[in-house]
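K.L.:
Starting off with a structure, shown below.
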Amino acid sequence: MSTIQLTDIVKRYGDGYLAVDRVGLDVRDGEFMILVGPSGCGKSTLLRMIVGLEDLTSGSIHIDGRRVDSLAPRDRNLAMVFQNYALYPHLTVFENIAFPLRLTKGKHTEDEITAKVQHAARLLDLHDHLNRRPAQLSGGQRQRVAMGRAIVRDAQAFLFDEPLSNLDAKLRGQMRTEIARMQRAMGMTTIYVTHDQTEAMTLGDRVAVLRRGVLQQCASPRELYEQPLNLFVAGFIGSPPMNFLPATIHGETMKLPFGDIPLTPAQQAALEGRNTAIVGIRPEHLEDAALAGRGTTDRIPLRVPVDVTEWLGSELYAYVPYAADPDIKAQLAELDRDLDGETIRTQMVVNLDPRSRIRAGTHAELLLDPTTLHLFDPATGRCLTRDDAAATRIAQESEADRLHALRSAQHAQPTPTTPTGEHPRPSARSGRPSAHRRRTNTPTADRNPGAGQG
């Protein structure tokens, strides 16, 4: 396990495009760090600078206190898993996994190589596929082979560049679980790039959210969800995303498109001296008044028009259109574009109990807990109601949970065993790549994708 420190990392391309702007991160020993953001935010560029496939414009990278940004990729001892697997099609699964060990030319005996490959195969449930070739595997199995090749290297850290993007939705869910289990069992420091906030929330110990090359917030998934720093983070984290509504302030009351909301004392203090605000409401923080139970007397009733509903079995989505001031609408449209969306109309999404009888073309009676609202400065996007004390408490609890999970997983971790005759050995036809083989035998990883892409 290792620590990784990024200090004021800047990447500016020759045409002047600023892909990464003064990013600083401290990745802890054994931590699962997620880099997330929309397309073009700089997350993949940042990962490639860490591994050495891109040069820094300025800044520094340290691994376990040793500066490495001037070293070649092979000298940084990092294992990278690419989106497109980068497997040799003519090699068996065994030889694909063993490939980085054979590159060391004599450092490992054949028995040591076999033991390492079999250990990785057990971790990834590939033991029955060691003599197959990549063309005979499913997409998920190919990705596990790529992960196995990273495992056997005994690297200081794993780097994943959107490894699940090529898989279908069901397989992505299964592979998320496998990656989380493997990382915990090995206790390996891991940096993982994705544009999928579901992957970010389910996998990461902490998540670094980037926008246009700038780090917006780095925190645990829970802190990002409950205590976002700004509009962008609040809108990116959560599915469906947070609703943003314009509001005008009138003393102790806030006027929304659907009615008036009394302000709590803390909200009044946050809004002091302001006439307008952007209100953030999570879709799940609204409920159908017809299904409300006891203890909901502190909820605020809202009567809203519903024009579309979507019943998904476990939940019901209701879509509520509203009119917004042109300036606010333009600001929300720009935010939506940054989030890889496209605003067609201003609307609020409500996540309801599937038993709800709310239907399209009707008015619905909803209940809202005013203490769950997030208030944002329309000019800067800063969250005015963020509770720093609560954020600190969440960060401490999340770190304690991470360390507990690491200890528990490593206590149950099996150790590699010396190979015996029972285990599959590489077949005589497995083959090894050599310099004179055709280009079709090289892995498909792109070593120099388009500059500036996230």
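K.L.:
Once you list every other residue whose beta carbon is under 11 Å from the beta carbon of residue 85, what net charge do they have if Lys and Arg are +1 and Asp and Glu are -1?
P.N.:
On the way: positive: 142, 144, 149; negative: none.
Summing Lys/Arg as +1 and Asp/Glu as -1 gives +3.
K.L.:
Still on this structure: How much area per residue is accessible in region 157-303 when the probe is 1.4 Å and only protein heavy atoms are counted (Å²)?
P.N.:
40 Å²
K.L.:
Continuing with the same structure: What do you get for Rg/Rh over region 77-215 if you use C-alpha atoms and the Kirkwood form of Rh?
P.N.:
We get a ratio of 0.97 for region 77-215.
K.L.:
Taking only protein heavy atoms and a 1.4 Å probe, what accessible area per residue, in Å², does region 1-113 have with all protein chains in place?
P.N.:
40 Å²
K.L.:
Take the Cα of residue 390, step 7 Å along the line toward its Cβ, and report every residue of region 244-268 whose backbone nitrogen sits under 12 Å from that point.
P.N.:
266-267
K.L.:
Here is a follow-up. Determine, for the chain, the count of lysine pairs separated by eight or more sequence positions (or lying on different chains) whose alpha-carbon distance falls under 30 Å.
P.N.:
Counting lysine pairs in the chain gives 7.
K.L.:
In whole Hz, with x marking every Gly and Pro, tabulate ³J(HN,Hα) for region 351-357 from phi via Karplus 6.51 cos²θ - 1.76 cosθ + 1.60, θ = phi - 60°.
P.N.:
Result, rounded to whole Hz: 9, 10, 4, x, 6, 4, 9.
K.L.:
Give me the base-10 log of I(q)/I(0) for the chain at each q in 0.05, 0.06, 0.11, 0.14 Å⁻¹, Debye formula, one uniform scatterer per Cα, rounded to two decimals.
P.N.:
Relative scattering, expressed as log10 I(q)/I(0), comes to -0.23, -0.33, -0.95, -1.30.
K.L.:
Check residue 362: other-chain or 5+ apart residues with amide H under 5 Å from its amide H, H built from backbone geometry?
P.N.:
For residue 362, whose amide H was placed from the backbone, the distant partners under 5 Å are 306.
K.L.:
Using a probe of 1.4 angstrom, how much of the accessible area of the chain is carbon and sulfur, in percent?
P.N.:
Of all accessible area on the chain, carbon and sulfur atoms account for 48 percent.
K.L.:
Place a +1 charge on the Cβ of each Lys and Arg in the chain and a -1 charge on the Cβ of each Asp and Glu, then give the dipole magnitude about the Cα centre in debye, rounded to the nearest 20.
P.N.:
2120 debye
K.L.:
Quick one: angle between helix 326-338 and the longest Cα principal axis of the chain, in degrees between 0 and 90, rounded to 10, please.
P.N.:
Approximately 10 degrees, to the nearest 10.
K.L.:
Moving on. Can you list the residues, at least 5 places off or on another chain, whose amide H is less than 5 Å from the amide H of residue 56, using H built in the peptide plane?
P.N.:
Answer set, sorted by chain and number: none.
K.L.:
To continue, here is another question. Just to be sure I understand the curve: with the Debye formula and one point per C-alpha of region 1-75, what is log10 I(q)/I(0) at q = 0.18, 0.21, 0.24 Å⁻¹?
P.N.:
Here log10 of I(q) over I(0) equals -0.70, -0.95, -1.21.
The values are calculated or read from the model by the stated rules, or taken from the named source; none is laboratory data. Not measured: the values here are computed from a predicted model. Reconstructed Cβ throughout: ideal geometry from the backbone, glycine too, with neighbour counts over all protein chains shown. The accessibility values were calculated without ligands, DNA or RNA, using every heavy atom of the protein model including side chains. Shrake-Rupley method; radii C 1.70, N 1.55, O 1.52, S 1.80 Å.
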